[in-house]
1. Out of residues 5 or more away from A216 or on other chains, whose amide H comes under 5 Å of its own, with H placed 1.01 Å from N in the peptide plane?
2. Which residues does a label at T242 reach in the stretch 321-354, if reach means a backbone N under 19 Å from a point 7 Å past the Cα toward the Cβ?
3. Using a Förster radius of 41 Å, what is the FRET efficiency between R125 and R344 based on their Cβ-Cβ separation? Nearest 0.05, please.
4. For A75 and D202, compute 0.36 nm times the residue count separating them, minus their Cα-Cα distance, and round to one decimal in nm.
5. Please state the charge dipole magnitude for the chain, taken about the Cα centre, from unit charges on C-beta atoms (+1 on K and R, -1 on D and E), reported in debye and rounded to the nearest 20.
6. Under 5 Å between amide hydrogens, which residues at least 5 positions from E279 or on another chain qualify, with H placed 1.01 Å from N in the peptide plane?
7. Taking R0 as 45 Å, what's the FRET efficiency between H294 and A164 from their Cβ-Cβ distance, rounded to 0.05?
8. Would you please put 1-7, 163-169 in order of how densely packed they are, using the mean number of other Cβ atoms within 10 angstrom per residue and starting with the highest?
Amino acid sequence: MGLKTPLYEVHVAEGAKIVDFGGWDMPLHYGSQIEEHHAVRRDAGMFDVSHMGVIDVEGPRAREFLRHLLANDVAKLPPGKGLYSVLLREDGKILDDLIVFFVAPERFRLVVNAGTRDKDLSWMRARAAAFGITVTERRDLAMIAIQGPNARAKSVRLFSAPDAAAVLGLGPFESATLGGWFVSRTGYTGEDGFEIALAAADAPRIWQALHAVGIAAAGLGARDTLRLEAGMNLYGSDMDETHDPLESGLGWTVAFEPHDRDFIGRRALAAARPAGDRELVGLLLEERGVLRSHQPVITVKGPGEVTSGTFSPTLNRSIALARVPRECGASVQVQIRGKALAARVVKPPFVRHGRPLIGLIEGSSP
């Protein structure tokens with residue numbers, strides 16, 4: 001038996017297929033992964049993301065600490081704003097990716113991955129003492145992600161009138177405390193929406209209230225196809241401790257300016273600039289088949305590998321992220337069940353805000 005979120009019993013009661021995910025018993029789907037995917041793209045869906053780690057960093061030197069700890073620079077954050085960053089080792093390899101929010105002058109909130117939360121906490125606490133700050137894991141909280149083109153209009157019904165205006169007014173990566181909840185306009189689907197951190201004891205009631213306003217439950221299966229269509233990396237697949245941000249499509253998360261900010265991993269990344277010899281690209285399969293992780297990629301510049309692959313419900317085609325040699329050309333081949341199938345190299349995302357961004361090949365079939 002794995003770890004359970006405060007919503008576990010709700011998922012079981014709703015008939016979810018429960019699977020292990022990073023040591024947690026989580027819902028894969030509630031009957032149809034495809035229907036859940038389309039509900040988020042076309043209307044609104046919700047995910048239990050309580051397995052993610054919520055960590056509060058507090059103290060007079062909290063900003064200074066995070067400027068040293070993270071590759072992106074929290075100095076650019078105004079109050080209430082968040083940003084995406086990577087947590088690096090000294091050699092520039094990726095320990096985790098996360099979102100950090102500026103809550104107050106001496107308080108920041110980080111949301112980290114479920115499978116790395118213990119490792120991240122140990123890493124942070126080992127370095128926090130030198131800055132005189134506290135690092136607190138918020139196990140008292142649950143998290144629900146509400147995503148889709150109608151997520152905002154439907155979820156606003158849960159708030160009182162003054163709070164509703166604030167929810168509607170949040171911009172991308174902005175956060176606010178509303179009705180006792182920490183609400184951020186963030187997500188992992190490529191659609192509009194929110195992520196809400198709330199008291200664990202309140203989560204089942206709010207989940208049911210979200211159902212009542214027409215928001216569909218969605219599991220890990222739909223979350224994965226949605227995030228891959230949106231071109232978003234998954235830790236442990238598209239990046240890990242054997243790769244750096246420059247070869248993982250995350251160079252944009254590294255703030256090399258100002259030049260005197262000595263963040264962990266800076267020297268190793270500076271030596272690897274401008275880009276390294278490998279990159280993360282999108283692939284669109286041009287033949288019948290399904291792209292999956294670890295399939296070999298054949299290019300004119302040498303071998304590569306699919307890091308994440310799936311069948312895209314929105315495009316009705318197979319798509320993937322792959323790590324390949326730089327400048328490998330517009331076409332490659334992928335080894336699938338002993339056959340070398342043609343794939344087109346594209347720039348992610350594949351889908352954003354319900355709209356396909358990758359042109360399909362005329363006359364081809366999935």
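1. A44, G45, M46
2. What the label zone holds, given the 19 Å backbone N cut-off, is 321-326, 335.
3. 0.35
4. 42.3 nm is the gain from fully extending A75 to D202.
5. 440 debye
6. Amide H neighbours of E279: V324, R326.
7. 0.45
8. Averaged packing, sorted descending, gives the order 1-7, 163-169.
Taken together, the values in this text are just the output of simple stated rules run on the coordinates, not laboratory data. The shown structure was predicted, so the numbers you read here are calculated from the model rather than taken from an experiment. As a convention, Cβ positions derive from the backbone with ideal geometry for all residues, glycine included, and neighbour counts pool all protein chains shown.
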